[in-house]
1. With the structure loaded, tell me whether VAL138 is open to solvent by less than 10 Å² (accessible area, probe 1.4 Å) and either of a type outside the set (Lys, Arg) or assigned by TED's automatic domain parsing to the domain that holds ILE318 (or both) or whether it fails that test.
2. List the helices (runs of 4 or more DSSP H) inside segment 193-244, counting only whole elements, that have at least 3 residues being more than 11 Å from the chain's Cα centre (by Cα) and modelled with pLDDT under 95.
3. Hey, can you tell me all the residues within segment 154-179 that are within 11 Å of the ligand (Cβ to nearest atom) and either open to solvent by 10 Å² or more (accessible area, probe 1.4 Å) or part of a helix (DSSP H, G or I) (or both)?
4. Of the residues that make up segment 25-46, is at least one buried (at least 23 other Cβ atoms within 10 Å of the Cβ) and touching a Ser or Thr at 6+ places or on another chain (Cβ under 7 Å)?
5. Out of the residues in segment 105-126 that are within 16 Å of the ligand (Cβ to nearest atom) and open to solvent by 10 Å² or more (accessible area, probe 1.4 Å), which is nearest to ILE310 (Cα to Cα)?
6. With respect to the numbered conditions (1) open to solvent by 20 Å² or more (accessible area, probe 1.4 Å); (2) at pLDDT below 95, which one is the sole condition not fulfilled by ILE324?
7. Looking at (1) open to solvent by 60 Å² or more (accessible area, probe 1.4 Å); (2) within 16 Å of the ligand (Cβ to nearest atom), which one does ALA307 not meet, given that it meets all the others?
8. Would you check which residues across segment 284-298 are in contact with a helix residue (DSSP H, G or I) (Cβ under 6 Å, 6 or more places away or on another chain) and crowded, with 21+ Cβ neighbours inside 10 Å and list them?
Amino acid sequence: MDTVKVALVGFGTIGIGVAKILLGQQERIAGAVGRNVKLVRICDKDTQRDRGVKLPAEMLTDDLNVILNDSEIFTAIELVGGIEPARSIILSLLKSGKNVVTANKALLATHGGEIFDAARSYNRSISFEAAVGGGIPVVNAISTALQANALCQLQAIVNGTCNFILTQMEERGTDYATAVAEAQRLGYAEANPAMDVNGTDTVQKLAILAHLGFGAKPNWQDVPRTGIDTVEAIDIVYAKRLGYRIKLLAVAEATPDGVELYVSPTLVRIDTPVANVRDSFNIIRIVGDAVGDVLLQGRGAGELPTASAIVGDVIDTILGRAKITFDTLNLWKKERPATKIKNPAEICGKNYLRFLVEDRPGVLAEIAGILGRHKISIASVLQQQDNESNNSPAVLIIMTHVSREGDTLAAIDTIDSLVCVRGKTVRMRVE
Ligand code: HSE
């Protein structure tokens with residue numbers, strides 16, 4: 001049997017998982033590929049740390065040139081993450097004739113055009129299944145099996161860390177900081193967990209899915225984004241009382257005015273499949289015009305689930321399947337016209353609003369008046385005061401009917417400037 005050589009750049013949590021599969025499952029992979037797939041080099045700036053994986057001598061290097069100069073290496077896996085040096089590394093790998101497999105959502109969402117054009121110019125491919133949804137084959141599903149469909153809607157939980165934190169807070173009463181630390185310990189979180197909890201990771205994944213599934217080319221920085229760092233235990237309790245669970249949702253929806261895109265903590269009805277996705281699990285609900293609803297669910301983060309997607313891409317690259325998909329999809333191609341993105345101010349939906357207000361006559365009327373003047377209709381009101389003393393502020397929860405995003409934000413702005421309002425209003429969408 002021939003041997004085909006593979007290299008890995010970036011030996012962190014996911015790299016360790018990839019090495020474990022490539023070194024530990026050689027027979028199975030050879031069976032799938034019809035050739036021996038040999039991991040020959042791993043490059044990382046830290047060659048000293050014990051990662052608990054036994055590597056053949058000479059495999060680990062801190063010199064990328066060892067990989068670039070080896071013309072027998074057919075496929076290289078980039079797991080450095082972030083923009084630089086990952087961007088330069090991918091460009092030099094492509095230039096040296098390697099096909100690239102990456103999990104780098106930040107880079108794809110930011111410089112997809114540049115690196116895909118480079119791959120096209122060198123007649124190579126880039127595969128990125130692990131960039132969205134960890135081990136869930138969502139990129140493959142949209143790129144191949146669902147090609148007969150125009151996508152109508154996509155609704156997704158694509159950040160394992162956030163879903164884990166929300167689950168811990170709801171089910172165990174864990175405080176926010178402890179849940180973040182635990183997600184880091186389990187290898188779910190980004191190097192900088194702020195990227196998870198402030199919604200950046202989710203919005204970058206949404207930008208990739210919006211391009212792949214809807215042909216939009218959003219600037220991820222322009223997509224409306226709220227993270228779970230605004231969610232408090234009290235919101236989880238109130239949501240439950242109202243029949244909902246809070247999930248960080250990424251949404252893309254085709255409308256006559258363009259693709260609607262946003263990321264927001266969202267109240268999802270407790271009896272729906274999306275609400276019941278727990279821990280680091282992710283779910284992507286895709287609605288296609290022919291197929292209807294498709295739900296893809298699985299581990300969205302962590303060492304082996306993410307490595308599963310990467311090794312799958314390596315196998316596809318060696319077999320030539322990745323190149324066929326890469327050549328036919330023309331992703332991030334300059335000449336390809338982009339689908340219009342809907343003006344975020346025109347997005348319509350129901351909202352959950354939590355106010356912290358002085359508990360005195362006229363306050364509710366003042367807030368309701370501002371909502372009314374912005375054409376926002378109230379569906380229900382809940383008020384709680386933990387301390388019965390007259391001076392303590394009250395938590396006021398208002399659920400609204402469908403309103404325009406522009407009106408909702410303007411109303412919140414006005415309300416937050418009132419003397420009777422004691423804190424910044426928390427807003428979440430309601431499905
Ligand atoms: N930090 C990410 C998550 C890892 O929690 O989902 C996968 O991209």
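1. So VAL138 fits the description; yes.
2. The helices (runs of 4 or more DSSP H) meeting that bar are 233-241.
3. GLY160, THR161, CYS162, ASN163, PHE164, ILE165
4. The answer is yes, given that some residue of segment 25-46 is buried (at least 23 other Cβ atoms within 10 Å of the Cβ) and touching a Ser or Thr at 6+ places or on another chain (Cβ under 7 Å).
5. LYS105
6. Condition not satisfied by ILE324: (2).
7. Among (1) open to solvent by 60 Å² or more (accessible area, probe 1.4 Å); (2) within 16 Å of the ligand (Cβ to nearest atom), ALA307 violates only (1).
8. Answer for segment 284-298, where residues must be in contact with a helix residue (DSSP H, G or I) (Cβ under 6 Å, 6 or more places away or on another chain) and crowded, with 21+ Cβ neighbours inside 10 Å: just ILE284.
The values are calculated or read from the model by the stated rules, or taken from the named source; none is laboratory data. Just so you know, these numbers come straight off a predicted model, no measurement behind them. Glycine also receives a Cβ, built like all others from the backbone with ideal geometry; neighbour counts cover every protein chain displayed. Keep in mind that these areas ignore ligands, DNA and RNA; they rest on the heavy atoms of the full protein, side chains included. Shrake-Rupley method; radii C 1.70, N 1.55, O 1.52, S 1.80 Å.
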